[in-house]
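Student: Below you will find the structure I want to go over with you.
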Amino acid sequence: MSRSQNSPGGVRSKSLASYLNDENVRAIIYQIIVIGLVILAGWYLISNTLENLERQNISTGYGFLDREASFEISESMIEYSAQSSYSQALIVGLLNTVKVSLMGIILCTILGTIFGIARLSSNWIVRKLATVYIEFFRNIPVLLQLFFWYALIPNAFPHPRDAIELLPGVLLTNRGLYTPVPVAHHAFEIMGIVAILAIIGIIFLKRWAKKRQDATGQPFPVALVGTAVFFGSVFIAYLAGGAPTVLDVPELRGFNIQGGNNVSPEFLAVLIGLSVYTSAYVAEVVRSGIQAVPHGQWEAADSLGLKRSVALRKIILPQSMRVAIPPLTNQYLNLTKNSSLAVAVGYPDLVSISNTTMNQTGQAIEAISIFMSIYLGLSLITSLFMNWFNKKMALVER
Amino acid sequence: MIPAENNLPRKDDFIAVHDLGKSFGAVHALRGISFSVPRGETMAIIGPSAAGKSVLMKCLVGLYAPDTGRICLDGEDVSTTGNETRKKWAEKTGMLFQHNALFDSLQVWENICFSLIESRKLSRKVARDHAVDLLGLVGLDPDSAGLRPSDLSGGMQKRVGIARAIATDPEILLLDNPTAGLDPVLSNHIENMIAAIAQKRGTTVITITNDMKIARHRYQNLAMLHDGTLQWTGPTTEIENAGNAYLTQMLSGSSQGPITMRTGKRQDQLFA
Ligand SMILES: Nc1ncnc2c1ncn2[C@@H]1O[C@H](COP(=O)(O)OP(=O)(O)OP(=O)(O)O)[C@@H](O)[C@H]1O
Ligand SMILES: [Mg+2]
């Protein structure tokens, strides 16, 4: 580059050939070509599909969302019936997907942390058991594992008539797990609002306490006061709301169990299957994170006479977080995406309901576009949250 | 001079090491080490790189269980790790690691007083005040209390490590290179402080150092390791008439003598 400028004919030598030899220019040209090809392919597919749909007399657009869905959904977190609209059906599916993914993320983190730590145990049996667990569940396709759990639950647990009563009112049957729930009461709404207000208050309290500690060095027991404030105010709201005590307890009526809250076998199968499968990967993330912390940190903790559990919690795990968060994010994203396999065991997740919608309306493109953008949105939210968390941890560790 | 071989532990010795051996696979880090330190006295350990100095110190604090031999502290056998006696003595010992090993997950003051908070249940307020005092003792600003170890310079980290080692007012102080990487003024200050701790509190101090001047003039006793064996031990006053070739070479830093570097090519070939 500098040579051509120094040469006498420098200006004229910037011919077409020299532009084509410029790495930057070439990179841009390649990118334009690729984008063009993608657009062309997309145009070809979409125009073909539109043509086909037109031939089948299916109108395009999202108008179908307001039409009556006229199919039942076995479990829903909101009011839903066959008379509800397609959009409501899809929301039910979205909520079911979010429910199983969120609980799966929490469960796989707990299981993964336990097995990841166990894999490094000094106890031979514990170490080997953890290794077997990890290798076993990591190496079997997750779909087969879902089938396995789904087949296990109806066969391993008794008919409602002989339900296992784990605790008074908590029944385990081949139709799922039944638990008592408080009967709806306006006190619970008040409690919810108060809880949110309390959390906001505690966030401000924490800010204030940090500022004061930075200024005067005086610490403030935020955790203690915060917990007291939270439970205290929620309890007062409960009393103020009239302290409802009525519980809807599940009981056997006829051949089935009525009342209470039912956790379906489908949900259990998906939750356990996804959590266990992903926990095997999370365990490996946790293990490598712990091993990334220099051995000298353990030695220093030992020399201070600290308990191993304290050293792990306060010194090793916080440092391994730095290494572990990015791969952990990947596992959470995988779990969320894998939850679409729920359709295989009949759990009414977003994909399953989109499928039904597609079959009934024929609006494949619209239905697919909806659930693809929802999955994209869920993944982006997870990524954003984990990025934020990573930054926060990095700020703490440095 | 007392030859190392005849230096059997006596009853009144506070720290007594007898025929200590420690291997890592094929590497014999320590072989037949015997020496002793009376209560309240100071000892410097010197020796070339990889002589086993740090391993010896980790055996003394109970991180490594010796393969052979015995370690007695105040007459109590602490040769096996993981028991109550060993734990009791670990808590009575303060140690500075060669590479500091500060906890990056904690602030500077928490680093210094972590065992006081966790094991002795000191309140965080009191612990923080104590940490600030200790920071002053090692010549650090109280403002550094709230920083992370990774925000400190190398010499500052070293001093935080020293503050952590003395935080519990230990009976035994083990310091692995406390003045390495410090400027002469600061290293003088730290050595004064170590001497004061030994004198005023009766702490028994063992220090690994590569500074021969410090080893000779600041410590009452000296032990020299070479290749996992003890070459010489005795009061520093007897160094002159020790007549030990290893010790003489180590003190003078000469390239002529029994201590050799295992270099593949000769230097004149490398930099031809
Ligand atoms: N945890 C360990 N595992 C395996 N080998 C080790 C371990 N610790 C030390 N060694 C080996 O023991 C020998 C002595 O090491 P040590 O750290 O005691 O040297 P040193 O005298 O402190 O040297 P330096 O002055 O360079 O710090 C070395 O050969 C080292 O490789
Ligand atoms: Mg060393």
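The values are calculated or read from the model by the stated rules, or taken from the named source; none is laboratory data. This structure is a prediction, so every number in the text was calculated from the model and none was measured. So basically every Cβ, Gly included, is an ideal-geometry build from the backbone, and we count neighbours across all protein chains shown. Remember, those area values only see protein heavy atoms, side chains included, never the ligands or the DNA or RNA. Shrake-Rupley method; radii C 1.70, N 1.55, O 1.52, S 1.80 Å.
Student: Expressed as a whole number of Å, what is the distance separating the alpha-carbon centroids of the stretch B:190-214 and the stretch A:75-131?
Tutor: That distance is 58 Å.
Student: Of all trypsin sites (Lys or Arg not before Pro) in the stretch B:169-272, which ones are in loop regions per DSSP and have a Cβ with at most 10 other Cβ atoms within 10 Å? Don't jump to the answer; show the numbers that get you there.
Tutor: Numbers: sites: B:K200, B:R201, B:K213, B:R216, B:R218, B:R262, B:K265, B:R266; in loops: B:R262, B:K265, B:R266.
Those that pass, being in a loop and sparsely packed, are B:R262, B:K265, B:R266.
Student: Counting only residues 5 or more places away or on other chains, whose amide H sits under 5 Å from the amide H of B:Q231 once H atoms are built in the peptide plane?
Tutor: B:M224, B:L225, B:H226
Student: While we're on this one: What net charge do the residues around B:L135 carry, taking every other residue with its C-beta under 10 Å from that of B:L135, with Lys and Arg at +1 and Asp and Glu at -1?
Tutor: Working: positive: B:R159; negative: B:D133, B:D141, B:D143.
Result for the neighbourhood of B:L135: -2.
Student: While we're on this one: Sticking with the crude label model, points 7 Å out along Cα→Cβ, report the distance from B:K121 to A:V38 in nm, one decimal please.
Tutor: 6.3 nm
Student: Give the distance, in whole Å, between the Cα centre of the stretch A:251-303 and the Cα centre of the stretch A:14-37.
Tutor: Centre-to-centre distance over Cα atoms comes out at 50 Å.
Student: Right, next: Which value, in Å², gives the accessible area per residue of the stretch B:126-176 when a 1.4 Å probe is used on the protein heavy atoms? Before the final figure, lay out each step's value.
Tutor: Details: 1690 Å² over 51 residues.
On a per-residue basis, 33 Å².
Student: Mind checking the full-extension length gain between A:N48 and A:L16? Use 0.36 nm per residue of separation minus the Cα-Cα distance, one decimal, nm.
Tutor: Numbers: separation 32, 0.36 × 32 = 11.52 nm, distance 3.94 nm.
Here the segment from A:N48 to A:L16 would lengthen by 7.6 nm.
Student: Right, next: A:G296: net charge of surrounding residues, Cβ under 15 Å, Lys/Arg +1, Asp/Glu -1, itself excluded?
Tutor: Working: positive: B:K58, B:K158, B:R164; negative: A:E299, A:D302, B:D104, B:D176.
Neighbourhood net charge equals -1.
Student: Enumerate the amide H contacts of B:A29 below 5 Å, restricted to partners 5 or more residues apart or on another chain; note that Pro and chain-start residues carry no placed amide H.
Tutor: Distant-sequence amide H within range of B:A29: B:K22, B:S23, B:F24.
Student: Next question, about the same structure. In Å², rounded to the nearest 100, what is the total accessible surface buried by chains A and B against each other with a 1.4 Å probe? Before the final figure, lay out each step's value.
Tutor: On the way: alone 24500 and 13590 Å², together 36070 Å².
That pair of chains buries around 2000 Å² in total.
Student: Something else: Could you tell me which of the pairs A:K314/B:K92; B:K88/B:K213; B:K58/B:K125 are separated by over 26 angstrom between their Cα atoms in the structure shown?
Tutor: Over 26 Å Cα-Cα: B:K88/B:K213; B:K58/B:K125.
Student: Mind checking B:98-109 for the average number of partner chain beta-carbons within 10 Å of each residue's beta-carbon?
Tutor: On the way: counts 1, 3, 2, 9, 3, 10, 10, 15, 4, 1, 0, 1.
Per residue, the average neighbour count from other chains is 5.
Student: Same structure, new question: Compute the separation of the alpha-carbon centres of the stretch B:80-140 and the stretch A:203-248 and state it in Å as a whole number.
Tutor: When both Cα centres are located, 32 Å separates them.
Student: Tell me, what HN-Hα J-couplings in whole Hz come from the Karplus equation 6.51 cos²θ - 1.76 cosθ + 1.60 at θ = phi - 60° for each residue of the stretch A:295-301, using x for Gly and Pro?
Tutor: For the stretch A:295-301, the Karplus-derived couplings read 4, x, 5, 4, 4, 4, 5 Hz, x marking Gly and Pro.
Student: On to the next question. Taking the simple approach of a point 7 Å from Cα along Cα-to-Cβ for both A:R138 and A:K392, what is their distance in nm?
Tutor: Those two pseudo-labels are separated by 2.9 nm.
Student: First compute the accessible area of chain A with a 1.4 Å probe, then give the percent of it belonging to carbon and sulfur atoms.
Tutor: Values: 15540 of 23480 Å².
Its accessible area is 66 percent carbon and sulfur atoms.
Student: Give the calculated FRET efficiency between A:Q213 and B:Q269 to the nearest 0.05, with a Förster radius of 45 Å applied to their Cβ-Cβ distance.
Tutor: Calculated transfer efficiency: 0.15.
Student: For every other residue with a beta carbon closer than 10 angstrom to the beta carbon of A:P348, add +1 if it is Lys or Arg and -1 if Asp or Glu, then tell me the sum.
Tutor: Working: positive: none; negative: A:E72, A:E75, A:E266, A:D349.
Summing Lys/Arg as +1 and Asp/Glu as -1 gives -4.
Student: Towards the positive end of the charge dipole of the protein assembly as shown, with charges on Cβ (+1 Lys, Arg; -1 Asp, Glu), say which of B:C59, A:V183, A:P158 has the farthest Cα.
Tutor: My answer, from the dipole projection, is B:C59.
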